[in-house]
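Working notes for the structure below.
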């Protein structure tokens, strides 16, 4: 196809003046740039609709088949500088799929789904996916999401293969609320409170501490650290949905990805709530003004010790900003 065979109309793509790059518009609506007698660059307006900037890269899969046998044509396409927005419905399916994968998949399941979908290389070569699964690392959830997104963007139909595989392998699956993967899982039915019909909210951090006024400054420091990482922060006195406070507390812990517990003063309610959080498999972040306030059988967990003054609260906020950053990557 020569330059004389295309329309001379020149236009813009979301603010990018293609004329400045030597492009002209073909009859089919695509913009092309010619070099000698061959097409050097092709911009598919429909595929990249919504992208405000472009870069150049090779993508033979997008070159029409009849051009590939003609070596005089340069097989270079325009690709977006950032990913085009994902279809909303597909994105929601991937987010829901992530929860099921984190709840059930082991190394064998990843190997099987790789064979079924043709994405074995992507799965095995991911630098963190299988390693974080093996070690029960906190970033496994985020690694699962990045792999599912990459697969969904390349072949959206494979998301249905994932869903069918999970339906077949894990029929009647239970709700999974723990933050980390585990090889062995248990089902329990509490008598003191009922299990709510709620989902885990990856951006929710709950705070377990006394409601006394002297705890307002550390509470403010925790909230500031959450805001910095685009996480939501709730304490028991922020909600009133049930007839008993313990049910509200249980619901809050159940929904949370992270639970910050302040052991200062050896408050028995905080101890009880910490036990609930540990049982539900949440990420528990202990803080305290004195190490002696941490129960003996929990001192093997690292706790952030802060002083009850302005400098101490500032240090608490800075320390939690850094700690919570790893959980922000999971949202």
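Residue by residue through the range 202-213, note down the ones that are in contact with a strand residue (DSSP E or B) (Cβ under 7 Å, 6 or more places away or on another chain) and under 25 Å from residue 267 (Cβ atoms).
204, 205, 206, 207, 208, 209
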| remark: Just one listed residue, out of 152, 136, is on the phi > 0 side of the Ramachandran plot and in contact (Cβ under 8 Å) with a residue 12 or more places away in the chain, and it is 136
| task | Within the range 126-154, work out how many residues are at pLDDT 90 or above and in a loop (DSSP other than H, G, I, E, B). | result | 3
| Pair list, Cβ under 6 Å, 6 or more apart: the range 206-225 residue farther than 21 Å from residue 256 by Cα, other residue part of a helix (DSSP H, G or I) and modelled with pLDDT of 95 or more | 217/313
| request: Could you tell me whether the range 310-319 includes any residue that is in the same structural domain as residue 207 (by TED's automatic domain parsing) and either assigned to a loop (DSSP other than H, G, I, E, B) or under 19 Å from the mean Cα position of the chain (by Cα) (or both)? | output: no
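Rundown of residues vs (1) within 19 Å of residue 193 (Cβ to Cβ); (2) in contact with a strand residue (DSSP E or B) (Cβ under 9 Å, 6 or more places away or on another chain); (3) surrounded by fewer than 16 Cβ atoms within 10 Å (Cβ to Cβ); (4) at pLDDT below 95, yes/no style:
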residue: 215; (1), (2), (3), (4): no, yes, no, no
residue: 231; (1), (2), (3), (4): no, yes, no, yes
residue: 241; (1), (2), (3), (4): yes, no, yes, yes
residue: 255; (1), (2), (3), (4): yes, yes, no, yes
residue: 287; (1), (2), (3), (4): no, yes, no, no
residue: 299; (1), (2), (3), (4): no, no, yes, yes
residue: 306; (1), (2), (3), (4): no, yes, no, no
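Any idea how many residues of the range 320-331 are in a helix (DSSP H, G or I) and touching a residue at least 24 places away in the same chain (Cβ under 8 Å)?
8
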| said: Any residue at all in the range 202-209 that's surrounded by 14 or more Cβ atoms within 10 Å (Cβ to Cβ), modelled with pLDDT under 95 and closer than 21 Å to residue 316 by Cα? | reply: yes
| remark: (1) farther than 19 Å from residue 104 by Cβ; (2) more than 19 Å from the chain's Cα centre (by Cα); (3) at pLDDT 90 or above all hold for residue 122 apart from (2)
| request: Restrict the check to the range 160-168 and report whether at least one residue is in a loop (DSSP other than H, G, I, E, B) and modelled with pLDDT under 90. | output: no
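The values are calculated or read from the model by the stated rules, or taken from the named source; none is laboratory data. Please read these numbers as outputs of a predicted model, since none were measured by experiment. Note that each Cβ is placed from the backbone with ideal geometry, even for glycine, and that neighbours are counted across all protein chains shown.
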